[in-house]
Amino acid sequence: LGTPVSIDTMKASVAAWALGNGAAIANDVWGLQRDPDMALVIAERDAPVVVMHNRDSVDPSIDIVQDIIAFFARSLDIAAKANIPPEHIVLDPGIGFGKTPEQSMITLARLDELGRFGLPLLVGASRKRFISTVTPSEPQQRLGGSIAAHLLAAQRGAKIIRAHDVA
């Protein structure tokens, strides 16, 4: 295609197939923690990886940023043991994944705390449900909220944003 393609998966077999067939980047939606072979596939293919935070269930009582920090520490340990070079890793706090709308907003507000890892941060807040808690809207009507969330993310240290409305 002449454009790098990313595969979003939590399955090593899917990542292996996609990377073997032209995908350039693997985005593991469970941060290398679900499939024990994922980190090895990434390392063997010498591919960049987006390590995304996720949770099995929403827990409004936790400090979500501390949860993300602990999750990333585990993920980076797995990556190091598989010999994935740090320069191949991007961290994604997983806005909207296993989080209440308030926790997604807290994550954006405290995104700079994730800079402690010294790795690029990716934020995908585009059209997410938490935006509708501020301005009630359907996903395709959340452009303004998406822009606001991504501007805040960039201000707080995000180097990459994932957007639906690219223009």
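The values are calculated or read from the model by the stated rules, or taken from the named source; none is laboratory data. In this text, all values refer to a predicted model and were calculated from it rather than measured experimentally. Cβ coordinates were reconstructed from backbone atoms using ideal geometry, including for glycine residues, and neighbour counts include every protein chain displayed. Calculation scope for accessible area: heavy atoms of the full protein, side chains included, ligands and nucleic acids excluded. Shrake-Rupley method; radii C 1.70, N 1.55, O 1.52, S 1.80 Å.
For the reader, a short list of remarks on this structure follows.
- Each Cα pair under 8 Å and six or more residues apart adds its separation to the average, and for the stretch 111-155 the resulting relative contact order is 38 percent.
- Packing rank of 14-25, 121-132, where each peptide gets the mean count of other beta carbons within 10 Å, highest leading: 121-132, 14-25
- Pairwise label distance in nanometres, Arg110 with Ile62, each label 7 Å out on the Cα-Cβ vector: 1.2
- When only the Cβ of Lys, Arg, Asp and Glu is charged (+1, +1, -1, -1), the dipole of the chain relative to its Cα centre reaches about 300 debye.
- Over the chain, relative contact order from alpha-carbon pairs under 8 Å, at least 6 apart, %: 17
- Measuring with a 1.4 angstrom probe and ignoring ligands and nucleic acids, Thr135 comes out at about 70 Å² accessible.
- Rounded to 10°, Cα long-axis angle of helix 64-81 versus longest principal axis of the chain: 10
- Rolling a 1.4 angstrom probe over the stretch 24-167 with all protein chains present gives an accessible area of which 55% lies on carbon and sulfur atoms.
- Per-residue accessible area (protein heavy atoms, 1.4 Å probe) orders Lys99, Lys11, Lys81 as Lys81, Lys11, Lys99, starting from the largest.
- Probe 1.4 Å, protein heavy atoms only - accessible area per residue of the chain in square angstrom: 52
- Taking all pairs of distinct alpha-carbon atoms in the chain, Kirkwood radius in angstrom: 16.2
- The angle separating the long axis of helix 143-155 from the principal Cα axis of greatest extent in the chain is about 60 degrees.
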